[in-house]
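Worksheet: one structure, shown below.
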Amino acid sequence: MKLSIFSFLFLITLNCAKGQTVYEHHRSDIYEYLYRMANKGLVKFDDQIRPLSRVYLADCLDSLASHADQLTKLERAELAFYQRDFSDKVAVAAMDTVSTAKAGFFVKDVWNRWRGLLISGKNFLMRVDPVLSGGGIYGSGSALRTFGSGARLYGYAGKHWAWHFSFHDVTEEGRGIDTIRNNAATGIVGRISASKKSLNFSELRGGISYTWNNGSISIGQDYLLWGYGQNGRAVLSDKTPTYPYLRLDYQPLRWLKFNYTHAWLNSNVIDSNRSYNTGVDPFGGKRDVYVSKYMASHSLQFTPVKGLDIHLGESIVYSDGIKAGYLIPILFFKAYDKLVSNDNINAGSNGQLFLQISSRNHLKKTHLYTTLFVDEVLVGSLLNSQKSRNQLGYTLGANTTDVGLPYLTLGAEYTRIRPFVYRNLNPAQNYTHNNYVLGDWIGSNSDRLLFFARFTPIPRLKTMLRYEYIRKGGAGNLNQQYFQQPQPPFLFDLQYKSSIWYAEATYQWMPGFYLYTNYTHQSRNDAVTGVQSQNRRFSFGFQLGL
């Protein structure tokens, strides 16, 4: 509470906002559009942390419009399409001129974009859209129907405040329901019926923010992605369901950015001391209380030259109650952890360090990037093969666009996560949320080689073909993690090898209305049983308002 009051008193003394913060869903295809344009050197796009604000995305579109003469006809058509949707900055600027409040249901705004509900008034703007989805999933052992509904709204008040809310309730019915999500799909917290033929879960996002001229602070529940990766991210990915967090973004200089978050996670570990009997018979008569779990993270971005970004970051996963030091954005968390735990490993927390280097358009129309995630390294024995404990993960990637054809992007990526990464001696401090890994979904003791091709033949039709080769080793145990010398080798206790072909096509018919289809073919060789299997899956459907 003290931090919130301090932040508020500090912020109200700052200059007028350049644009408020409403976070756009990280799966919106505007990210891929601007990512590609940044690779061509046509726009500066800082997207290593997602989601990004709608006003920032609109600024990027405006910047890109100043280079319209360098865009192809297809790229200009898409630019005009996205500008119809991301009109927030102009709309907010016009709030000062509104004298009479107006409201309309299922109307088109002045940019010819349909809105479920549009409310505008003096220093106030709110947009509300329905959320609908439907489709089918068919293949090896699966015959599912999916449908979902909900609502999405966002708005702006005055020159500093903004908010957003999105709720999507989804039901799957049929054969072959997947409750484990042992793949790249976002994890769920849901309820399956007794017949095992119906599953219900929801996606919940929302937040409120205060923005000033070179930064913003917000509190909400959302996804949080850090770093680059085509089908997974070593540091923070969208594998977990959403979770609540406090987020601070600040850019004191053109070449320097700072980000801080403090998140509330679910440990899925029952606290037996705090759990208690309710004295009521239904459902066992017991109140289950989970061990409290949190994560604090901060990072700096340096841009020494145009197109080159260097990111340094640190995170800490801790439990058993909030610790004041992790609410101080600029503190060195690992050092603080040693102080408050008396340097006692059984009282400490789970810290990580990470680094990313990104180069755009230094090789023409090409993005080169590498991410390093350090869970634990013994520096003193780094080169000693018998005593070293190098528990880290890394990603190396490259992609280039307009390869032979305009709008054809080809790329390759390799990710390796060494044994015992993401795991801690205290289960409540594993690098997880709701038992899903916060980082790359393939988990520890695994690697992935990936190739992909993306192509846009006509405006708003996105196609992709991707191939992945994955190897997965065993989890091991804590004695191996902390005491075995030398450490178990990479891919020890091999579990399986898997080859996955994936093809998809997505068409955004209207702003926010997507039609999609995809096909997956997976070949898997189980190293434990020797069984080889083939799995195929075909999906299709639509999404509105997400």
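Sequence gap at least 6, Cα distance under 8 Å: using those rules, report the relative contact order of the range 238-298 to the nearest whole percent.
Working: 91 pairs, mean separation 19.8, N = 61.
Contact order relative to length: 32 percent.
Treating only the Cα positions of the chain as identical point scatterers, give the base-10 log of I(q)/I(0) from the Debye formula at each q in 0.06 Å⁻¹. The Cα Debye sum returns log10 ratios of -0.31. The residue among Pro244, Pro427, Val92 whose Cα reaches farthest toward the positive pole of the charge dipole of the chain, with charges on the beta-carbon of Lys, Arg, Asp and Glu, is Val92.
How many percent of the alpha carbon pairs in the range 413-546 exceed a separation of 18 Å?
Details: 5938 of 8911 pairs.
Every Cα pair in the range 413-546 considered, those over 18 Å come to 67 percent.
Of Leu383, Leu450, how do they rank once you tally other Cβ atoms within 10 Å and put the fewest first? If you can, show how the numbers build up before the last one.
On the way: Leu383 9, Leu450 22.
Ranked by crowding around the Cβ, least crowded first: Leu383, Leu450.
Which order do peptides 202-213, 234-245 fall in by mean Cβ count within 10 Å, highest first? Walk me through the intermediate numbers first.
On the way: 202-213: 19.1, 234-245: 22.7.
The packing order, highest mean first, is 234-245, 202-213.
Where the convex hull is taken over the Cα atoms of the range 402-447, what is its projected area averaged over directions, in nm²? The number I arrive at for the range 402-447 is 4.5 nm². Each DSSP beta bridge with both residues in the range 29-544 is either parallel or antiparallel, and the antiparallel ones are about 100%.
For the range 111-122, 3J(HN,Hα) computed residue by residue from phi via the Karplus equation (6.51, -1.76, 1.60; θ = phi - 60°) reads 9, 6, 10, 5, 10, x, 8, 10, 10, 9, x, 4 Hz, glycine and proline entered as x. Given +1 at the Cβ of Lys and Arg, -1 at the Cβ of Asp and Glu and no other charges, the dipole of the chain around its Cα centre is 440 debye to the nearest 20.
The Cα atoms of the range 286-440 cover 62, 44, 29 Å along the three principal axes, with the biggest extent listed first.
Exceedance of the 29 Å cut-off in Cα-Cα distance is limited, within the set Lys159/Lys293; Lys257/Lys338; Lys257/Lys334; Lys239/Lys334; Lys293/Lys338, to Lys159/Lys293. Ordering Val403, Val305, Val92 from the fewest to the most neighbouring beta carbons within 10 Å gives Val305, Val403, Val92.
Every number here is computed from the coordinates shown, using simple stated rules; none is lab data. Owing to the predicted nature of the structure, the values given are computational and were not obtained by experimental measurement. Every residue, glycine among them, receives a Cβ derived from its backbone with ideal geometry; neighbour counts consider all protein chains shown.
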